[in-house]
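Before any comments, here is the structure.
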Amino acid sequence: MEFGLVMYTAHTIRKSRGDFAILLSHIVLGCKFVCTAVNKAGLAKLIGLAGETNVQGEEQKKLDVLSNEVFIKALVSSGRTCILVSEEDEEATFVEPALRGKYCVVFDPLDGSSNIDCGVSIGTIVGIYAVKDGVDPKIEDVLQPGKNMVAAGYCKYGSSCTLVLSTGKGVNGFTLDPSLGEFILTHPDIKIPIKGKSYSVNEGNAENWDGQQQSMYVEKCKYPQDGSPAKSLRYIGSMVADVHRTLLYGGFFLYPADKKSPNGKLRVLYEVFAMSYLMEQAGGQAFTGKQRALDLLPTKIHERSPIFLGSYDDVEEIKALYAAEG
Ligand code: AHG
Ligand code: MN
Ligand code: MN
Ligand code: MN
């Protein structure tokens, strides 16, 4: 059990190898920078559209663009990366040989960006693969199942700036102390409750959902047949915020496939895998409707997948509905 004023840096360097710690410290630098920019956005007129659209066809907001540039620069200058995949860039970035390291980083520089203008919590999501050192990097090095990730995490920019991270040995949460400029260990060894009292889904898409299972699950949440209390609906529309609440309080987050998005909306590498990795490390589960999310083998860097993740027993329920449907 961690006691006292354990800062992120001390905690991480003690727990990880030099190269990896240097990479993580550059990711933390990026988070601190974006946290400051997000907090100032309203005053610095950083909100509002940047006038371009990204590979996802989404209008890019200034903070999306700024966050992407900050993380690309921080990751390249760490000298520990070789391939970078960002939601905001159509192609992967191959780091020049002089600055190349052995890690591939997949990231969503600003998740939940449709919520920027109204001040709802948004965040950065990161997943990290290690590649065979010294071999020229190729795109297949990032098209690996999520179970091969060596670390994953997110930073939530909201009432507090919270970094939640796993390096494969459980999940820890760190909160930024602005007066120190350091992330302090505030949530050691996070474990998600085995069952939750809430479900989190955009029910506005229900008409288009691609199967009965999710509708049956949501009906069970609203009108339980076993005398248990109905679950609460909690949906923010910012994955980092919805997943953070689910991780701490328990519950179930789902973004099913639907007629508009036949593979679902959320991106496999830097949303589905990273959040599924954290869920499993915290004792929860993550399921795609067909398989364990971390077993998925992506073929394209911006591939999407349906995702059902959260408390272990809650995910078991939807898996049972899919199994029954055969
Ligand atoms: P991003 O802002 O990085 O493009 O991600 C938005 C995602 C995710 O944050 C959230 O869970 C989901 O979009 C919400 O989608 P709907 O508005 O369709 O519910
Ligand atoms: Mn986006
Ligand atoms: Mn996102
Ligand atoms: Mn994004």
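General remarks:
- Antiparallel DSSP beta bridges within the chain, percent to nearest 5: 80 percent
- Cα-based equivalent ellipsoid, the stretch 165-266: semi-axes from gyration tensor eigenvalues, Å: 31, 18, 12
- Extension gain from Ser159 to Asp226, taking 0.36 nm per residue of separation minus the Cα-Cα distance: 20.3 nm
- Computed over the chain, relative contact order equals 15 percent, with contacts defined as Cα pairs under 8 Å that lie 6+ residues apart.
- Largest-first principal axis extents, alpha carbons of the stretch 47-103, Å: 36, 19, 13
- Relative contact order %, the stretch 53-105, counting alpha carbon pairs below 8 Å whose residues are six or more apart: 36 percent
- Alpha-carbon geometry of the stretch 20-120: the Rg and the Dmax are 13.9, 42 Å, given in that order.
- When you filter the GluC sites (Glu not before Pro) in the stretch 82-128 for DSSP loop state and at most 13 other Cβ atoms inside 10 Å of their Cβ, you are left with Glu90, Glu91.
- Per residue convex hull volume, Cα atoms of the stretch 280-326, in Å³: 79 Å³
- For the chain, the carbon plus sulfur part of the accessible surface works out to 54%, probe radius 1.4 Å.
- Loop trypsin sites (Lys or Arg not before Pro), the stretch 202-304 (other Cβ atoms within 10 Å of the site Cβ: 11 or fewer; DSSP): Lys259, Lys260, Lys290, Lys300
- The convex hull built on the alpha-carbon positions of the chain has an orientation-averaged projected area of 16.9 nm².
- Extension gain for Ser114-Lys138 works out to 5.4 nm (0.36 nm per residue, less the C-alpha to C-alpha distance).
- The long axis of helix 212-222 is offset from the longest Cα principal axis of the chain by roughly 80 degrees.
- The stretch 178-326, relative contact order in percent, only Cα pairs under 8 angstrom and at least six apart counted: 30 percent
- Summed over qualifying helices (DSSP H, 4 residues or more, each -39500 (n - 2.57)) and divided by its residue number, the chain shows a 222 nm mean residue ellipticity of -9500 deg cm²/dmol.
- DSSP-loop trypsin sites (Lys or Arg not before Pro) across the stretch 61-153, with at most 16 other Cβ within 10 angstrom: Lys132, Lys138
- Largest to smallest principal axis extent of the C-alpha atoms in the stretch 231-326, angstrom: 33, 31, 27
- Average accessible area per residue (Å²) across the chain - probe 1.4 Å, nucleic acids and ligands excluded: 43 Å²
- Centre separation in Å (Cα based) which lies between the stretch 181-211 and the stretch 53-92: 25 Å
- Principal axis extents of the Cα atoms in the stretch 107-155, from largest to smallest and rounded to whole angstrom, are 45, 17, 16.
The values are calculated or read from the model by the stated rules, or taken from the named source; none is laboratory data. As the structure is a prediction and not an experimental result, all values here were calculated from the model. Positions of Cβ are generated from backbone atoms using ideal geometry, with glycine treated the same way; all protein chains shown enter the neighbour counts. These area figures cover heavy atoms from the full protein model, side chains too; ligands, DNA and RNA do not enter into them. Shrake-Rupley method; radii C 1.70, N 1.55, O 1.52, S 1.80 Å.
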